[in-house]
Amino acid sequence: MECLPVEILELILAEPKLNLEDVLNVSATCHYLRDVVQNSSFIWKKKFEIKWPQFMKLFDNDFTDWYKEAQYIYDLSSRTHALLSTMSPRFYKKNEFSDCDLQEWVELTEESPRAYNYIVFDLMTIITTCTPIKSIEVVPVDTPGNKTLQYYSVKVLRFIRQLHLAKEWEKFMALPAKDQILEKGATFVAQWCQPTTNVEWEDIAEQLDHLASEARICLKVAYPEHPLHKIPQETFKKWKVENLEGNQWNVFECRQIIRCLTSVMYEQNKFRGNNNAYYMPENSFINDVLTKKQGLPITLAIIYESVARRLGLKCDPISFPAHFLLRFTEGQGESYADSYYIDVFNNGNVIRKGACPHSRSYTDNKERYLPPASARQVVERMTNNLEVSCRQHTHPNGSITRLRSTLELLHLISPNDMSAVVSLARIYMLHSIDTKPLENYLLTREFEVAEQVQRIVHMLRDYDLHHKQNFCEPITQTKPKSRPSNLTFAVGMVMKHVVLNYICVIYDWDPVCMASPEWQAQMGVHRLKNKDQQPFYNVLVEDESHRYVAQENMIPTSNTGFLYLNEDIGKHFSHFFETHYVPNAEKEKEFPADTEVRHKFYQKMQFGS
């Protein structure tokens, strides 16, 4: 080997069939090969590119220390897993995290220029691992496929993504107006609200490019002499990333492009408004709308405007109170008096001037056209739609994570919106989330209505004074519960409600009903055979809610339904094993006597004994 020139060794070891681990094994054979491997930027760049191609865009062309960077990724991954493994013991009793609970993750993501990207990749790998765990016993938290590890990975991922996106939003807002294109604003919303989905503007832009390409092909067939066909590629690249100051075509050329664009969007690709499930959140996510071809008016308008811009057409987003339309002015340099509206929600129908009931606003009895909405205003309206969606689709006893996340987004986009601040403060107080950052924000900014701010600050301080709670102190005390003799079922068993027919899994129980008299009266507990003097179970339901159910109202079932949709499954259980969910280590400590009941239930279901 020592007779071979280093360049030949490098070419051999850089061969794609040899993975990174193979190269490390070669380097361990002797001092000479170790020195060759460790000192070769060529080998490690090739191996790095094969193993982590998604990270290559993060490096400058003159970067050479690939071996050290690979070492750092492995070391950071080890520390990420170790830190995740400590979270269930520390936060088992917490339902919602405060920012201070996750401060160590901030430090981890900021320790190097690329640490954030590496940690996101690691967390996504954990979350998407579907390895089945074939054990009836409790398993270590770092077992691949462990739902508890995935649960905390999602919590951390949401937190660090949104911290990162908050900085990206400030950068976006600092750009000149011509660079604040709507598709990037819509991508930002989709990224914020879907932390476990990799939504990249480059992917969104590629799909929009494809739609524009289809429109150009349609135009080539229908109008082969259109001047668009002579536009150089550099101009198309500019239109892709910049807002246009005006149309690039005369009236007749504009009409030809509009006809082809409408045909491509609504006839070939079947884009349409979603009337059946109008306020479902996916209707506001540009990645989902591009995939499913249906959505809200504002998301469809952003897609239409983005494709039109790539073709040299300027479409202004107009945020009417009851609808969202695009205003289009034919030709070059014409006034709003020559404009009409495109209803993207209804097959791109054209609404002529004077025919649109929302086309004018009145101020001091003077007729004025609404100005185009800015990128910030469009994103704000999208977020308001998402808040309505969250309030409509969040179960009263379910997780508030999506609503909290949406309100935090609204607060980021419209920091002076006091209604969003009040809503956020109420959620924080109701769910024991640290209110200090919100209070500090209010005290360090200037607002038009200072009295309103003072009232909110007083409310937060009054709450803090009366609760005297250290929000960021982990709650780790878990005391074992003794099973009463009349308790039939166990934590982890999958049940069916005999009256309401929903599927659920038990995660806690009380020997008798511990709910308030008001709740008992409302739920008709007095009409039950055993009334409140029977065990009551806390259960997770397939509609993502938490409920409190009497023992006589439940029977065991082998049907798990859609329980996997309940994001709190991983807080209590590590995996599903054949007939039941297996508790994680913290849940097992709390309910040690339930293990025997679960195992007997498993034997009965499997062997009839």
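Which ³J(HN,Hα) values in Hz, rounded to whole numbers, follow from the phi angles of segment 409-425 under the Karplus curve 6.51 cos²θ - 1.76 cosθ + 1.60, where θ = phi - 60° and Gly and Pro get x?
Running phi through 6.51 cos²θ - 1.76 cosθ + 1.60 with θ = phi - 60° gives 5, 4, 5, 5, 6, 10, x, 9, 6, 5, 5, 5, 5, 5, 4, 5, 4 Hz.
Between ILE427 and LYS220, what FRET efficiency follows from the Cβ-Cβ distance if R0 is 35 Å, with the result rounded to 0.05?
Approximately 0.05, to the nearest 0.05.
What does DSSP give for the chain in terms of the percent of beta bridges that are antiparallel, rounded to the nearest 5?
Once the DSSP bridges in the chain are tallied, antiparallel ones form about 95 percent.
Would you calculate a helix-derived [θ] at 222 nm for the chain, using -39,500 (n - 2.57) for each DSSP H run of n ≥ 4 and dividing by the full residue count, to the nearest 500?
-14500 deg cm²/dmol
Per residue, how much accessible area does the chain have with a 1.4 Å probe, in Å²?
50 Å²
On the accessible surface of segment 15-56, probed at 1.4 Å, how many percent belong to carbon and sulfur atoms?
Carbon with sulfur: 54 percent of the solvent-accessible area.
Of the listed values (i) 96, 75, 49; (ii) 87, 85, 54; (iii) 107, 63, 59, grab the one calculated as Cα extents along the principal axes in Å from the structure here.
Correct label is (ii).
Taking Cα pairs under 8 Å and at least six residues apart, what relative contact order does segment 255-301 come out at, in percent?
Answer for segment 255-301 is 34 percent.
Run the quick spin-label model on ASP464 and GLU242: label points 7 Å from Cα toward the beta carbon, then report their separation in nm to one decimal.
Modelled inter-label distance: 4.8 nm.
Suppose R0 equals 51 Å; then what is the FRET efficiency for HIS599 and ASN269 from their Cβ-Cβ distance, rounded to the nearest 0.05?
0.40
Roughly speaking, what is the centre-to-centre gap between segment 269-285 and segment 188-263 when only Cα atoms are used, to the nearest Å?
21 Å
On the accessible surface of segment 205-271, probed at 1.4 Å, how many percent belong to carbon and sulfur atoms?
The computed percentage sits at 51.
Using Cα-Cα distances under 8 Å and only pairs 6 or more residues apart, what relative contact order does segment 1-150 have, in percent?
Result for segment 1-150 is 16 percent.
In whole angstrom, note down how far apart the Cα centers of segment 117-137 and segment 376-435 are.
Between the Cα centre of segment 117-137 and that of segment 376-435, the gap is 29 Å.
For the residue pair THR29 and HIS210, what label-to-label distance in nm results when each label sits 7 Å from Cα along the Cα-to-beta-carbon direction?
Taking the two extended label points, one gets 4.5 nm.
Subtracting the Cα-Cα distance from 0.36 nm times the residue separation, let me have the gained length for ARG114 to SER85 in nm, one decimal.
Result: 8.2 nm gained on full extension.
Tell me which residues come under 5 Å, amide H to amide H, from GLY398 once H is placed; ignore anything under 5 positions away on its chain.
HIS546
Given axes a ≥ b ≥ c from the Cα gyration tensor, I'd like to know whether segment 124-232 is rounded (a/c under 1.5), prolate (a/b larger than b/c) or oblate.
oblate
Any idea what the relative contact order of the chain is, in percent, if you count C-alpha pairs under 8 Å spaced at least 6 apart?
It comes to 13 percent, rounded to a whole number.
Apply 1/(1 + (r/R0)^6) to the Cβ-Cβ distance of GLU168 and VAL251, taking R0 = 51 Å, and write down the FRET efficiency to the nearest 0.05.
0.85
Mind listing the phi-derived Karplus ³J(HN,Hα) values for segment 493-505, rounded to whole Hz, using 6.51, -1.76 and 1.60 with θ = phi - 60°, and x for any glycine or proline?
Those phi angles translate into 6, 8, 10, 10, 6, 6, 9, 8, 6, 7, 9, 8, 10 Hz.
Report, in whole Å, the centroid distance computed from the Cα atoms of segment 293-322 and segment 527-562.
Centre-to-centre distance over Cα atoms comes out at 47 Å.
Just how large is the dipole of the chain about the Cα centre, in debye to the nearest 20, putting +1 at every Lys and Arg Cβ and -1 at every Asp and Glu Cβ?
1660 debye
List every residue whose amide H lies under 5 Å from the amide H of PHE577, counting only residues 5 or more places away in sequence or on a different chain, with H placed 1.01 Å from N in the peptide plane.
Long-range HN contacts for PHE577: VAL582.
With θ set to phi - 60° and the Karplus curve 6.51 cos²θ - 1.76 cosθ + 1.60, what are the ³J(HN,Hα) couplings of segment 291-297 in order, to the nearest whole Hz, using x for Gly and Pro?
7, 8, 6, 8, x, 7, x
Label THR129 and TYR74 with points 7 Å out from Cα along Cα→Cβ: what is the distance between them in nm?
Placing both labels 7 Å along Cα→Cβ, they lie 1.7 nm apart.
The values are calculated or read from the model by the stated rules, or taken from the named source; none is laboratory data. Predicted, not measured: the structure shown is a model, and the values here were computed from it. Please note: Cβ atoms are built from the backbone with ideal geometry, for glycine as well, and neighbour counts cover all protein chains shown. In case anyone asks, the SASA skips ligands and DNA or RNA and just uses the protein heavy atoms, side chains included. Shrake-Rupley method; radii C 1.70, N 1.55, O 1.52, S 1.80 Å.
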